[in-house]
Amino acid sequence: MSALNRREVMLAGLAAGVVAHAGEPSRGLILVHGAWHGGWCWDEVVKGLAQKGHVAIAPTLTGLAERAKELTAQTTLATHVADVVAAAAKFERVVVVGHSYAGLVISQAVDALGKKLERLIYLDAFLPAPGQSGFDLMKKAYGDHWREKAAGGLSVPPMLSAKAMGVLDAKLAKAVDARLTPHPLATFEAKVQFDEAAWKAVPKTYLRCAKYSGFGPTAARAKTLGLDVVELDTGHDAMLAAPEALVAAIDRAVRG
């Protein structure tokens with residue numbers, strides 16, 4: 001059995017345990033990873049949420065991790081939105097959590113998810129306005145550097161190490177670095193499109209990772225937009241660096 005299949009079986013078993021205890025789940029938590037990662041980065045969070053009675057799934061976005069070979073010139077932000085919508089189809093109601101880059105994805109997913117969307121949780125994530133791209137939300141020098149690294153290709157190699165993203169345990173950081181894969185460039189070029197009125201109507205939480213400065217200004221903007229902003233005493237990759245604290249924060253947000 002491959003590592004991927006073992007992971008899928010383990011997570012399916014966790015979800016099945018919750019279903020057996022609570023009946024057919026009407027609500028699911030969709031955990032969406034950021035750039036260079038895959039669904040694997042949420043494994044400890046999925047387990048922790050299951051222990052609190054939640055059914056959570058963490059799809060890997062097209063073109064990344066075990067799906068890296070699926071990358072094509074047609075892999076765009078809309079592709080990743082479709083991945084999230086497909087995962088959400090398993091449930092009547094969903095809470096969607098987006099880490100970092102995935103703030104773009106979950107924002108655009110609002111229109112497609114419609115009334116089944118209960119809450120958005122941004123985890124140290126981009127918070128776009130309609131018509132903005134990921135590169136629009138970066139300093140120009142950063143965006144230019146990323147494009148240079150892509151060298152006209154389809155994807156951007158990992159631009160941050162696990163340690164830089166807050167994974168301070170040396171053994172874990174080495175394992176994480178080994179699993180990071182290039183990210184589809186077109187997803188950062190695309191302009192995020194969503195109905196702003198519909199987005200405003202959805203309850204939202206912003207989880208700021210206080211030990212990573214990059215999204216500090218975004219968290220401040222989230223406050224001005226009326227989001228419930230919660231600080232976590234961790235680095236950017238909270239799902240890896242502080243999964244227990246993240247599980248508790250997500251659980252509180254879901255329960256209101």
inquiry  = Can you confirm whether G114 is touching an Asp or Glu at 6+ places or on another chain (Cβ under 7 Å), surrounded by fewer than 23 Cβ atoms within 10 Å (Cβ to Cβ), of a type in the set (G, A, S) and at pLDDT 95 or above?
reply    = no
request  = With the condition kept exactly as written, say whether any residue in the stretch 77-89 is assigned to a loop (DSSP other than H, G, I, E, B) and either touching a residue at least 24 places away in the same chain (Cβ under 8 Å) or in contact with an Asp or Glu (Cβ under 8 Å, 6 or more places away or on another chain) (or both).
outcome  = no
remark   = In the stretch 119-135, residues that are over 13 Å from T187 (Cβ atoms) and in contact with a Pro (Cβ under 9 Å, 6 or more places away or on another chain) total 2
key: Flag for V84 being among the hydrophobic types (A, V, I, L, M, F, W, C), under 16 Å from H37 (Cβ atoms) and touching a strand residue (DSSP E or B) at 6+ places or on another chain (Cβ under 9 Å)   = yes
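The values are calculated or read from the model by the stated rules, or taken from the named source; none is laboratory data. This one's a predicted model, so the numbers in the text were calculated from it and none came from an experiment. Neighbour counts are summed over all protein chains in view; Cβ atoms, including those assigned to glycine, are modelled from backbone coordinates with ideal geometry.
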